[in-house]
1. Name, by its number, the condition in (1) buried (at least 18 other Cβ atoms within 10 Å of the Cβ); (2) over 40 Å from the mean Cα position of the chain (by Cα); (3) part of a helix (DSSP H, G or I) that does not hold for LYS682.
2. Out of all the residues in segment 30-39, is one or more more than 24 Å from the chain's Cα centre (by Cα) and touching a residue at least 40 places away in the same chain (Cβ under 8 Å)?
3. Name the one entry in ILE525, ILE539 that is within 24 Å of GLU666 (Cα to Cα) and either of a type outside the set (Val, Ile, Thr) or in a helix (DSSP H, G or I) (or both).
4. Identify all residues within segment 475-503 that are surrounded by fewer than 20 Cβ atoms within 10 Å (Cβ to Cβ), within 16 Å of the ligand (Cβ to nearest atom) and either part of a strand (DSSP E or B) or not assigned by the TED database to the domain that holds PHE709 (or both); write none if there are none.
5. What residue, of LEU671, LEU661, LEU626, is in contact (Cβ under 8 Å) with a residue 24 or more places away in the chain and either at positive phi or assigned by the TED database to the domain that holds GLY518 (or both)?
6. Evaluate segment 19-34: report whether one residue or more is part of a strand (DSSP E or B), more than 17 Å from ALA132 (Cα to Cα) and either touching a helix residue (DSSP H, G or I) at 6+ places or on another chain (Cβ under 7 Å) or modelled with pLDDT of 90 or more (or both).
7. Could you please find all residues in segment 208-222 being open to solvent by 60 Å² or more (accessible area, probe 1.4 Å) and more than 52 Å from the chain's Cα centre (by Cα)?
8. Please work out if LYS586 is open to solvent by 40 Å² or more (accessible area, probe 1.4 Å) and modelled with pLDDT of 90 or more.
Amino acid sequence: MISQIRIKHVKQRDQSDCGVACLATILRYFDSEISLERLREISGTTKEGTTLLGLFQAANEIGLKADGFQGRLKDLKSLKNPAILHVIINQELQHYICLFGYRNGKFLISDPAEKIKYLTEQDLTEIWKSKALLLLKPTNKLKRSKEQKSKKKNWLLSLVKEDYGILGIATFLGIIISVLGISTAIFSQRLIDDILPSQDSERLILGLTLLTTLLLAKSGVLYLRTLIILRQSKDFNNRIIKKFYSALLYLPKRFFDTRKTGELIARMNDTNRIQRTISFVLGDTLIQLLLGLTSIVFVFTYSWEIGVLLLSFIPIYLFVIWKFINPITAGQREVMQSYALNESNYVDTIQGIEVIKNQTKESVFSKITESIYGRFQNKVYHLGYIGLKYGIITQVVGVLAMTSILAFASFLVLRNKLQIGELVALTSMAGGIFPAIEGMTNAHIQIREAKIAFDRMYEFTSIEPEFNPTITFQEIKEVQSLTVENLSFRFPGRKQLLKEFNLELRKGKTVCLLGESGGGKSTFIQILQKFYTQEGGCIKLDNQEYSEINTTAIRSKIGVVPQEIKIFNGSLLDNILLGVSDAEPKKIEAFMLKYGFDEYFNQFPQSYGTILGEEGVNISGGQKQLVGLARALWSNPEILLLDEATSALDRKTEQFVLTILKKLKESKLILLVTHRITTAAKSDKIYILENNTISQSGSPSELLKNGNFFSDFYRENNLKLIIN
Ligand SMILES: Nc1ncnc2c1ncn2[C@@H]1O[C@H](COP(=O)(O)OP(=O)(O)OP(=O)(O)O)[C@@H](O)[C@H]1O
């Protein structure tokens, strides 16, 4: 049993990973596999680690049945399934270990920080203080490795499928090139052994003409073949990025919460390694392989003894490859990981330049970057060093092989068993065989590298998209009400953020959600957009359950003005219309005039044509909020959600926005989220979010009658409620 588990053992990458490494070990035990990264994401693992609740939620999500217990040591002896135990190491360090059974008075443990080991009852009692354990069983939802591997293979094949024809032609041309390549060696042999001794100049001229034709034909075919592979590279790269990027955009919002931008970019850049490998294998390696094989056949026809000598070097090559392949693969993986880390650091620091400058931390961040880049370069150096060692060893083997063959062939010539021309042909052919073997080993390394890149990319594309974009759905026409009943929500592995949450939006009333910072207001807005799924309770649109309504149908009816307005590269108009390029100018003009945005947007340097975003003008926070509001209203939503949407506006502009909302409240459901009491006072109904739930609700004047933080503010500041 122990050897079986040893193969499954997954080591943690750092201290925070022990919980997910345990989960990964148990998944492997049940013949399934999910990356640590994905497990970190769904279990809500942070740099402090994973909570037992996070492991419980993750396990249930991936198709295991998890049961949490407070157990006794004697219960552990009879467990039929593996369990994760929460332990304390050295009296202070919280840690997780996997328990796989009890044998001969000892517990079989897989410790992600170490290895598989046996612990005595006393050892385990000392560390298993919390007595908490998570028992795990597979369910039929669990995806087995075989199934995952075949999905992966199909995905790759679907990418290469279109190239089968072109790759077939390239292979055929490769065969022609290798046959033409061998002809030079054969001609040399004939020249030395037959033509020159016969002193027949006619044959010599004929032979040379033939050789010239063959060599020119070889160059022509090589040109054609390289051109074909170049075309294939372009098409393949376009295809893979298109497939990867469009799959990426359909991943759930939760996926992006835990990813670094630079990491995603790095993985996309890594995809060209896959294409490089395909063209390398088909371009160089295939020709070398064919050349190598034909050369071996010819060598045997000239001299079987030299053929045997030649083959005896192949096991030495294989031994060298076997010795180096694992360190090289590990090195490649590390280089890719540190490259991704370095990219994300660049993106992070450049995006945060304002804070860095404001805090005068340029030198600090420059040092951090230096250290991250330094680590990346160390990995590159380390990999290069292993590659160099590998290269020099294979070269030494090559030299030894060549000189042995030359020596042995010369010996045969001296004994008149071989002609000089044959010696020349043999050494020329043998000279092609060793680079061919080296080429194949390099191809093997490249294939491994491409596989790592592919796995890293596939990890993303294999995540379930949040919905199937091709599915047809019924559009929502008009919405009269949105009701939230006893909603509860938590982020993976965290404590409950919202509980027993009730709220109602109806036409004719602007509703405000008022609460303290960090109370969960923005999260609630995201739940309404179906970015996250609630743990309990329900949301209904006109009595229809949210979960039964298509996500795109819901989102197309919701207009949101978030706290942070994203400005894309493009003009002011592009930023409002977001990709709708065929909108009629008259319709746009009427829209701007209807809401009164014209007055504000005409003040931009080039009015609606003003370029915003990366290379355009920097617009103020208030202007951004107006762009955000115009963007949300342009699609004429049924539900309008505003998350602190007036926080950066001056009083006049805030009044402008509130007037728009007042006009719209008869035709749209409006929810205003804020922690500004004076803004909340302008709405028809206020829900107060306190201690993770709605503590009170009512009109501003109703709320003033009770004690709550809305009325407290008015009382403390001696203010009067003005209703307009
Ligand atoms: N993706 C996430 N994963 C885990 N925790 C999160 C995530 N997003 C937000 N949180 C946490 O949820 C809590 C509520 O955040 P939220 O942004 O909803 O609060 P808020 O009421 O809108 O605050 P504010 O008024 O300051 O905007 C915070 O403690 C935050 O750290």
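The values are calculated or read from the model by the stated rules, or taken from the named source; none is laboratory data. What you see is a predicted model, and the numbers here were worked out from it, not measured in a lab. Here the Cβ positions follow ideal geometry from the backbone for every residue, glycine too, while neighbour counts run over all protein chains shown. To get the accessible areas, we keep the full protein, side chains included, count just its heavy atoms, and leave off ligands, DNA and RNA. Shrake-Rupley method; radii C 1.70, N 1.55, O 1.52, S 1.80 Å.
1. Among (1) buried (at least 18 other Cβ atoms within 10 Å of the Cβ); (2) over 40 Å from the mean Cα position of the chain (by Cα); (3) part of a helix (DSSP H, G or I), LYS682 violates only (3).
2. Yes, segment 30-39 has at least one match.
3. It is ILE525.
4. Matches in segment 475-503: SER488, LYS499.
5. Among LEU671, LEU661, LEU626, only LEU671 is in contact (Cβ under 8 Å) with a residue 24 or more places away in the chain and either at positive phi or assigned by the TED database to the domain that holds GLY518 (or both).
6. For segment 19-34, residues part of a strand (DSSP E or B), more than 17 Å from ALA132 (Cα to Cα) and either touching a helix residue (DSSP H, G or I) at 6+ places or on another chain (Cβ under 7 Å) or modelled with pLDDT of 90 or more (or both): absent.
7. Residues satisfying the conditions are LEU208, THR209, LEU210, THR212.
8. Spelling it out, it is not the case that LYS586 is open to solvent by 40 Å² or more (accessible area, probe 1.4 Å) and modelled with pLDDT of 90 or more.
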